[in-house]
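Data block below; observations after.
The values are calculated or read from the model by the stated rules, or taken from the named source; none is laboratory data. Keep in mind the model is a prediction, meaning the values are calculated, not measured. No Cβ is skipped: glycine too gets one built from the backbone with ideal geometry, and neighbour counts run over all protein chains shown.
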């Protein structure tokens, strides 16, 4: 088994608290590593786990977990936990896992899950939509959809994300979140195969040749999955296509690094907006 057998990897660093006197990982921690990785696997396939399972009217329960040891991870090692879905039965699904240090295979694992009624824990058939998502992801097919359009087309989906992130999570007053600019903006929304809205943003005309991106939001459980980058790139592409030479945005201070990594530069002093520190950032075509 090699790294080339997988398309999903979760990277972590071994902590000193996870090793014994010989400075090698306690055997039981490897299952914890796989359990941590499986949570990120669901995000990779575009499913916020709790909301997805609620909509699918079921839950997943571990039926069997087997681990084979080839070599030991040590304190401060940076390791990659790889996972792939290898089989889907009527009500069960099998994941094969591996842990690598660089290209060295350390651990292999097989995890068997059963899809079941959460109230009775009796098995149910794996829903067709979930089966399709898993199969397409492993085949390298897209599992989320990005759309751009006007408020009449995408407003309901964009509002769901913005309400969850800005109003509920960040406590921005409802009357400050919604404005007349929504009616003239180009909106971008990412949805998964369950038609759940995951991320959004909008593009306005700020001045001749200058676009303005705003209301960038990704639901909390899906952050770190590249969705924000996809939304931002779609809005940038739209700005360049209509002839804008510059795009600016007001970045929350905590998100400034994200925009800087995508080519935006800060301009001017920090300021307060809706009670949250912001900085203006811009990018020239």
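For region 114-130, residues that are in contact with a helix residue (DSSP H, G or I) (Cβ under 8 Å, 6 or more places away or on another chain) and either buried (at least 20 other Cβ atoms within 10 Å of the Cβ) or modelled with pLDDT of 95 or more (or both) total 4. Applying the criterion of being surrounded by 13 or more Cβ atoms within 10 Å (Cβ to Cβ) and in contact (Cβ under 8 Å) with a residue 60 or more places away in the chain to the residues of region 236-275, the residue that is nearest to the chain's Cα centre (by Cα) is 238. When you look at residue 203, is it in a loop (DSSP other than H, G, I, E, B) and at negative phi, yes or no? Spelling it out, it is not the case that residue 203 is in a loop (DSSP other than H, G, I, E, B) and at negative phi.
Considering (1) out of contact with any strand residue (DSSP E or B) (no Cβ under 8 Å at 6 or more places or on another chain); (2) in contact (Cβ under 8 Å) with a residue 60 or more places away in the chain, the lone condition that residue 102 does not fulfil carries the number (2). Restricting attention to region 204-216, does a residue exist that is closer than 16 Å to residue 190 by Cα, touching a residue at least 40 places away in the same chain (Cβ under 8 Å) and not assigned by TED's automatic domain parsing to the domain that holds residue 9? Looking through region 204-216, at least one residue is closer than 16 Å to residue 190 by Cα, touching a residue at least 40 places away in the same chain (Cβ under 8 Å) and not assigned by TED's automatic domain parsing to the domain that holds residue 9. Residue under question is residue 158, and the condition is that it be modelled with pLDDT of 95 or more and crowded, with 20+ Cβ neighbours inside 10 Å; does it hold? The answer is yes for residue 158.
Taking residues in region 45-70 that are within 13 Å of residue 115 (Cβ to Cβ), and partners anywhere that are surrounded by 12 or more Cβ atoms within 10 Å (Cβ to Cβ) and modelled with pLDDT under 95, the pairs with Cβ atoms closer than 6 Å and at least 6 places apart or on different chains are 59/118.
Pick out the one residue from 31, 12 that is closer than 22 Å to residue 99 by Cα, touching a residue at least 60 places away in the same chain (Cβ under 8 Å), assigned to a strand (DSSP E or B) and not assigned by TED's automatic domain parsing to the domain that holds residue 220.
Exactly one residue qualifies, and that residue is 12.
Here residue 254 fulfils each of the conditions (1) part of a helix (DSSP H, G or I); (2) modelled with pLDDT of 95 or more apart from (2). Considering only region 134-163, how many residues are in a helix (DSSP H, G or I) and touching a helix residue (DSSP H, G or I) at 6+ places or on another chain (Cβ under 8 Å)? Residues in region 134-163 being in a helix (DSSP H, G or I) and touching a helix residue (DSSP H, G or I) at 6+ places or on another chain (Cβ under 8 Å): 6 in total.
Within region 212-234, does at least one residue satisfy the condition of being touching a strand residue (DSSP E or B) at 6+ places or on another chain (Cβ under 7 Å), at pLDDT 95 or above and exposed (fewer than 15 other Cβ atoms within 10 Å of the Cβ)? No, region 212-234 has no match at all. Selection of region 201-211 for residues being more than 18 Å from residue 155 (Cα to Cα), surrounded by fewer than 24 Cβ atoms within 10 Å (Cβ to Cβ) and touching a strand residue (DSSP E or B) at 6+ places or on another chain (Cβ under 6 Å) yields 206, 210.
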